[in-house]
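Written below as structure tokens is the structure these notes are about.
The values are calculated or read from the model by the stated rules, or taken from the named source; none is laboratory data. Since the model is a prediction, treat every value here as computed from it, not as a measurement. In this analysis, Cβ positions are derived from the backbone assuming ideal geometry, glycine residues included, and neighbour counts consider all displayed protein chains.
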Amino acid sequence: MVDNGTQQFNGVETLPRLRYRARMGWSNGAWSVTGFADYQGHFFHTQSQPPNVNNVCQTAGGTAPGGTFPCLVNNYTNIEPAWLTFDLSMGYDTGDTPANDYLKNIGVQLVISNIMNKHAAFEYRIGTGGGNPAAMDILKPNNGRTISLILTKTW
């Protein structure tokens, strides 16, 4: 059951019902490319609603909490939308082909995480229930697109 302060919802999910990570790759000798997709279904968070939404304001159309009048924001919901991100990895490995031993088995990999630069969804989260207050879903990364270059050497 989810309780958003004014309404109770029985039978709704408070955690994503489906989480899935898919991978598809290609390699040809020293070259490789791999793509990833991460998906999490929607759910309802269990944080309380803000104090000045959905008919709990002092004046009609106001923003001051504590009354029974409609507020400026009347469509607040605690649903967290589905989450879908894509990652891409491209690599090259010299293997045993170079004549110089120092150049053998060197790997170069370019990784782009969260290609679409997606950020975590808004969530009204107060700090009274443990943890820090936040304006986003803290279970999802909010750093956006990340590009990494990885060099490896196998001896």
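Quick one: what pairs do we get from the range 90-104, first residue surrounded by 12 or more Cβ atoms within 10 Å (Cβ to Cβ), second of a type in the set (A, V, I, L, M, F, W, C) and in a helix (DSSP H, G or I), C-beta under 7 Å, 6+ apart or different chains?
Thr94/Leu103
Of the residues that sit in the range 59-84 and are in a loop (DSSP other than H, G, I, E, B) and in contact with a Ser or Thr (Cβ under 9 Å, 6 or more places away or on another chain), which one is farthest from Asn117 (Cα to Cα)?
It comes out as Gly67.
Has the range 71-83 got any residue that is of a type in the set (Phe, Trp, Tyr) and over 23 Å from Ile126 (Cβ atoms)?
No, there is no match, as no residue in the range 71-83 is of a type in the set (Phe, Trp, Tyr) and over 23 Å from Ile126 (Cβ atoms).
Residue-by-condition table, conditions (1) within 30 Å of Leu149 (Cβ to Cβ); (2) over 31 Å from the mean Cα position of the chain (by Cα); (3) modelled with pLDDT under 80; (4) not in a strand (DSSP E or B):
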| position | (1), (2), (3), (4) |
| --- | --- |
| Thr6 | no, no, yes, yes |
| Ser27 | yes, no, no, no |
| Gly91 | yes, no, no, no |
| Thr97 | yes, yes, no, yes |
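Given the criteria at pLDDT below 85 and within 19 Å of Arg21 (Cβ to Cβ), does Leu72 qualify?
Here the answer is no, as Leu72 does not meet what is asked.
I'd like the full set of residues that are touching a strand residue (DSSP E or B) at 6+ places or on another chain (Cβ under 7 Å) and under 27 Å from Tyr76 (Cβ atoms), limited to the range 139-155.
Hits for the range 139-155 are Lys140, Asn142.
Write out, first by first residue and then by second, each pair whose Cβ atoms fall under 9 Å of each other, whose residues are 6+ apart or on separate chains, and whose first residue, in the range 61-80, is touching a residue at least 24 places away in the same chain (Cβ under 8 Å) while the second is surrounded by 13 or more Cβ atoms within 10 Å (Cβ to Cβ) and charged (D, E, K, R).
The qualifying pairs are Asn78/Glu123; Glu80/Glu123; Glu80/Asp137; Glu80/Lys140.
Do we have Lys118 as within 21 Å of the chain's Cα centre (by Cα), modelled with pLDDT of 90 or more, surrounded by 14 or more Cβ atoms within 10 Å (Cβ to Cβ) and closer than 30 Å to Leu151 by Cβ here?
Yes.
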